[in-house]
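Asks: Below you'll find the structure I mean.
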Amino acid sequence: MFEKILIANRGEIACRVIRTARRMGIRTVAVYSTADKDALHVLQADEAVCIGPPPSTESYLAIDRLLDACRQTGAQAVHPGYGFLSENAVFAQRLEEAGLVFIGPNVHAITSMGDKLTSKRLARQAGVSTVPGHADVIRDADHAVRIAREIGYPVMLKASAGGGGKGMRIARDDDQCRDGFQRASNEARASFSDERVFIEKYIDEPRHIEIQVLADSQGNTLHLGERECSLQRRHQKVIEEAPSVFLDPDTRARMGEQAVALARAVQYRSAGTVEFIVDPRRNFYFLEMNTRLQVEHPVTELVTGLDLVEWMIRIAAGERLPLEQHEVPRHGWAIEARVYAEDPFRGFLPSIGRLVRYLPPTESPGVRVDTGIYEGGEVSMYYDPMIAKLITSGADREEAIQRMRAALNEFTIRGVSHNISFLAALVEHPRFREGRLSTNLIAEEYPQGFHAADVVHDEPALLIATAAAIHRRYRERAARISGQLPGYERTVDDHWVVMWNGQHHPVVVVPVEGGQDVHYNGAAYRVLSDWQFGQPIFRGTINGQDVCMQVERRNMVYRLFHWGSQVDVKVLSARAAELISRMPLKPPPDMSRFLLSPMPGLLTQVKVQPGDEVQAGQHLVVVEAMKMENVLAAERDGTVSKVLAAVGDTLAVDQPILEFS
């Protein structure tokens, strides 16, 4: 067994590998860019080596610098995590030439499966069902249109070296095909240094279901069942689960057999994933094979009890798998939700900044949190916006869902925007609860984007009662302040008005032992809790029902977060509520003459100059943020009067880029 391994990655996955290596008694080496000098994986590893400046091409993708770090520290093997160089055959080859062990598959398997065109040919030869498409690289946009017409719209344009949703576009007509080819090529070049794009038929109402495989160097190959990964936004997975509610035993067995057959065909070694598209009739088609650990691997670990990172390390060290296919354990259900630094209420734009508060749910046998973040740390514009992965498990799917719902209530993040409201809405969505999933679900259910109205709380009385009870506690504390003038001591009234969304909700709050009785709308709510001032989580009971709610006091406002709903309420006297409702609102400044950056990012292209006349919908600039290209278009006709930012500038949210006359 290895004594020391280097982790050629960062963030959550680096911390994940460190955790298993430490349990196995293996020392770890972290690598980091200057932007990550205070990152959690750097703090957790036994040693750490700086490998360059923030751009990943000069640090985490710099093979020579990683090899130097191995030589400096005496690491015997390298775990690549996922992303970056995890599926880079050149990296694996260079490690082998340097006498180091790559904790992953062999170069042949990476090369064969890393190119989607080659992988599809090999899959067909191995008897694996494949999607109809064009087997060669597309030369240009005109060629893409010709091929798409031959296949028949809709089609999917995909980067040959792609993954993680990068370099993928759906086209339903010639115009979308031309634009999609350009966008997919650009993203592929930026993300993988490989601009090749191919086209295949797009399957309507598809499910994305993948099979986890595990193979040792002695020729033993088995599968660990499936993961349902159909909840996706822009081809990026959001929520995954194991097993799939959709598969029947026969389909599950056939998918597993084909996944194993493909792995054997390329002499696979290590953990890998064979991804399939499944149509509503349970016909399945090979999509790609990921020759690495998947982001969603924890759900498989929780339903099998196997540590996939541990077995990657053991297989790389030459150990043999101790299981036969029929011995693979499977029990219960597991669900993973990806917590991202993004604002779902602003089109899921990425968010960067310092985490001024970070309190993940308490881990337990049914709740797991994989993260590379800590309170006080920063989310950088240079890398993936993932904050954490929240994984819950249970004896069945319903128990796993309920634990996920409760854990999302607890997950407290301040300082950057996050997608927890969106995750909570998905977990509660009828289609998710019923298992009626497809990769189109999010686009179909939220065609105009995600809005606060999509997470309306179904028991608003719980929020009103909690706010009123907390306010009573604050007023009672203020009434006990020392040094009050005799005859002018503060008193606490029982009658209040909770103001929420412009509506007045009269309440009566009476103290009782251990809490308060809140009388609202003809009903009584007994709120009992040992909550203390300043605590971000309110735990207690309301009429005997357990309640866990995030609470933040902002001057006169109480911000509450529960079941995905975030509400701001004020608790005032009746007179104060009447007066404040009469206060005029200050209108926001008129910024309609400007093109504003909707996200923090790097300005990579400016397509217009002062004096140019533009039409609504015309592409104006391109902003790159967290490895994705974002094209900003004109909202209306106009004339460019000034260009206020230059290519290469780092933009802040709402920073003006263009001014129109």
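The values are calculated or read from the model by the stated rules, or taken from the named source; none is laboratory data. None of these values were measured; they are calculated from a predicted model. Neighbour counts are summed over all protein chains in view; Cβ atoms, including those assigned to glycine, are modelled from backbone coordinates with ideal geometry.
Asks: Take Ala188 and tell me if it is outside the structural domain of Val260 (by TED's automatic domain parsing), part of a helix (DSSP H, G or I), in contact with an Asp or Glu (Cβ under 9 Å, 6 or more places away or on another chain) and buried (at least 20 other Cβ atoms within 10 Å of the Cβ). Spell out how you get there, then give the answer.
Replies: On the way: outside the structural domain of Val260 (by TED's automatic domain parsing): yes; part of a helix (DSSP H, G or I): yes; in contact with an Asp or Glu (Cβ under 9 Å, 6 or more places away or on another chain): yes; buried (at least 20 other Cβ atoms within 10 Å of the Cβ): yes.
In short, yes.
Asks: Looking only at residues in the range 610-648 that are of a type in the set (D, E, K, R) and not in a strand (DSSP E or B), which one is surrounded by the fewest Cβ atoms within 10 Å (Cβ to Cβ)?
Replies: Top of the filtered list is Arg636.
Asks: Which is of a type in the set (Gly, Ala, Ser) and either assigned to a strand (DSSP E or B) or in contact with a Pro (Cβ under 7 Å, 6 or more places away or on another chain) (or both), of Gly540, Gly534? It would help to see each step written out before you state the result.
Replies: Details: Gly534 fails: either assigned to a strand (DSSP E or B) or in contact with a Pro (Cβ under 7 Å, 6 or more places away or on another chain) (or both).
Selected residue: Gly540, the only one of Gly540, Gly534 that is of a type in the set (Gly, Ala, Ser) and either assigned to a strand (DSSP E or B) or in contact with a Pro (Cβ under 7 Å, 6 or more places away or on another chain) (or both).
Asks: For the range 3-43, enumerate the residues that are in a loop (DSSP other than H, G, I, E, B) and surrounded by fewer than 19 Cβ atoms within 10 Å (Cβ to Cβ).
Replies: So the first thing to find is which residues in the range 3-43 are in a loop (DSSP other than H, G, I, E, B), and the list is 3, 8-10, 24-26, 37-39.
The answer is Glu3, Met24, Gly25, Lys37, Asp38.
Asks: Restricting to the range 314-354, name every residue that is under 13 Å from Val416 (Cβ atoms), assigned to a loop (DSSP other than H, G, I, E, B) and either aliphatic (A, V, I, L, M) or without any contact (Cβ under 8 Å) to a residue 24 or more places away in the chain (or both).
Replies: Ala341, Ile352
Asks: Kindly establish whether Asp279 is of a type in the set (Asp, Glu), assigned by TED's automatic domain parsing to the domain that holds Arg320, free of Cβ contacts under 8 Å to residues at least 12 places away in the same chain and surrounded by fewer than 20 Cβ atoms within 10 Å (Cβ to Cβ). So that I can check it myself, show each step before the final result.
Replies: Working: of a type in the set (Asp, Glu): yes; assigned by TED's automatic domain parsing to the domain that holds Arg320: yes; free of Cβ contacts under 8 Å to residues at least 12 places away in the same chain: no; surrounded by fewer than 20 Cβ atoms within 10 Å (Cβ to Cβ): yes.
Here the answer is no, as Asp279 does not meet what is asked.
Asks: Is it fair to say Ala453 is under 34 Å from the mean Cα position of the chain (by Cα), assigned to a helix (DSSP H, G or I) and surrounded by fewer than 14 Cβ atoms within 10 Å (Cβ to Cβ)? Spell out the reasoning first.
Replies: On the way: under 34 Å from the mean Cα position of the chain (by Cα): yes; assigned to a helix (DSSP H, G or I): yes; surrounded by fewer than 14 Cβ atoms within 10 Å (Cβ to Cβ): yes.
Criteria met by Ala453.
Asks: Let me ask you something else. So the check is Cβ under 9 Å with 6+ separation or different chains; which pairs have a first residue in the range 184-201 that's under 20 Å from Asn88 (Cβ atoms) and a second one that's at pLDDT 85 or above and of a type in the set (Phe, Trp, Tyr)?
Replies: Val197/Phe181
Asks: Could I ask something else about it? Can you tell me which residue in the range 388-405 is surrounded by the fewest Cβ atoms within 10 Å (Cβ to Cβ), limited to those that are assigned to a strand (DSSP E or B) and free of Cβ contacts under 8 Å to residues at least 60 places away in the same chain? Please lay out each step first, then the result.
Replies: Step one: filter the range 388-405 for residues assigned to a strand (DSSP E or B), giving 388-394.
Among the residues that remain, those that are also free of Cβ contacts under 8 Å to residues at least 60 places away in the same chain are: 390, 392.
On the way: Leu390: 27, Thr392: 29.
Looking at the filtered set, the residue picked out is Leu390.
Asks: Which residue pairs have Cβ atoms closer than 9 Å, lie 6 or more positions apart in sequence or on different chains, and pair a first residue in the range 439-450 that is surrounded by fewer than 17 Cβ atoms within 10 Å (Cβ to Cβ) with a second residue that is assigned to a loop (DSSP other than H, G, I, E, B) and not acidic (Asp, Glu)?
Replies: Between residues of the range 439-450 that are surrounded by fewer than 17 Cβ atoms within 10 Å (Cβ to Cβ) and residues that are assigned to a loop (DSSP other than H, G, I, E, B) and not acidic (Asp, Glu), the close pairs are Asn440/Pro206; Ala443/Arg234; Glu444/Ser438; Glu445/His429; Gly449/Gly347; Gly449/Phe348.
Asks: I'd like to know if the range 154-165 contains one or more residues that are touching a strand residue (DSSP E or B) at 6+ places or on another chain (Cβ under 9 Å) and either part of a helix (DSSP H, G or I) or in the same structural domain as Glu624 (by TED's automatic domain parsing) (or both). Talk me through it step by step, then tell me what you get.
Replies: Within the range 154-165, the subset touching a strand residue (DSSP E or B) at 6+ places or on another chain (Cβ under 9 Å) is 154-165.
Applying the additional criterion that residues be either part of a helix (DSSP H, G or I) or in the same structural domain as Glu624 (by TED's automatic domain parsing) (or both) yields none.
For the range 154-165, residues touching a strand residue (DSSP E or B) at 6+ places or on another chain (Cβ under 9 Å) and either part of a helix (DSSP H, G or I) or in the same structural domain as Glu624 (by TED's automatic domain parsing) (or both): absent.
Asks: Run Ile110 past the list (1) surrounded by fewer than 16 Cβ atoms within 10 Å (Cβ to Cβ); (2) modelled with pLDDT of 95 or more; (3) outside any loop (DSSP other than H, G, I, E, B) and report the number of the one that doesn't hold.
Replies: Unmet for Ile110, out of (1) surrounded by fewer than 16 Cβ atoms within 10 Å (Cβ to Cβ); (2) modelled with pLDDT of 95 or more; (3) outside any loop (DSSP other than H, G, I, E, B): (1).
Asks: Scan the range 556-598 residue by residue and report those that are among the β-branched types (Val, Ile, Thr), at pLDDT 90 or above and either assigned by TED's automatic domain parsing to the domain that holds Asn409 or over 26 Å from the mean Cα position of the chain (by Cα) (or both). Explain how you work it out, then say what you get.
Replies: The first filter runs over the range 556-598 and keeps only residues among the β-branched types (Val, Ile, Thr), leaving 557, 567, 569, 571, 580.
After this cut, where a residue has to be at pLDDT 90 or above as well, the list is 557, 567, 569, 571.
Matches in the range 556-598: Val557, Val569, Val571.
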